[in-house]
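Take a look at the structure set out below.
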């Protein structure tokens, strides 16, 4: 198994665990969107809470050019650290949610 296939597996396991821990509420659906062909992965909540529309993307991860890009994280989880624990080298994780000029100051890859 090549490294990108491993990264796909790791990301899917992580996202599934996160989504399964989410509390389901009446009228709100938990959606786990995984596209291993184009390497886009999202955990979303979609629906209605009373008269208010719920449409939230909690975590968005892409795999681009052999690296795992954390595009968004609105949770208290630390997916980058968990991916390192699973075996992804720090230099293969890019914190895309930070602007490019800040990435060299993180413990992760820059692009």
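Annotations for the structure displayed:
- Cα-based equivalent ellipsoid, segment 3-105: semi-axes from gyration tensor eigenvalues, Å: 26, 15, 12
- Each residue, residue 54 and residue 3, gets one label point 7 Å from its Cα in the Cβ direction; the gap between the two is 3.9 nm.
- The slack in the chain from residue 32 to residue 20, taken as 0.36 nm per residue of separation less the alpha-carbon distance, amounts to 3.4 nm.
- Most mobile of 67, 52, 25 in a GNM of the chain (Cα contacts under 10 Å): 52
- Under the criterion of Cα pairs below 8 Å and six or more residues apart, the relative contact order for segment 3-105 equals 20 percent.
- Span from the segment 50-65 Cα centroid across to the segment 11-47 one, whole angstrom: 8
Computed from the coordinates by the stated procedures, all read-outs in this text should not be read as laboratory data. This is a predicted model, so every value here is computed, not measured. Every residue, glycine as well, gets a Cβ built from its backbone with ideal geometry; the counts of neighbours run over all protein chains shown.
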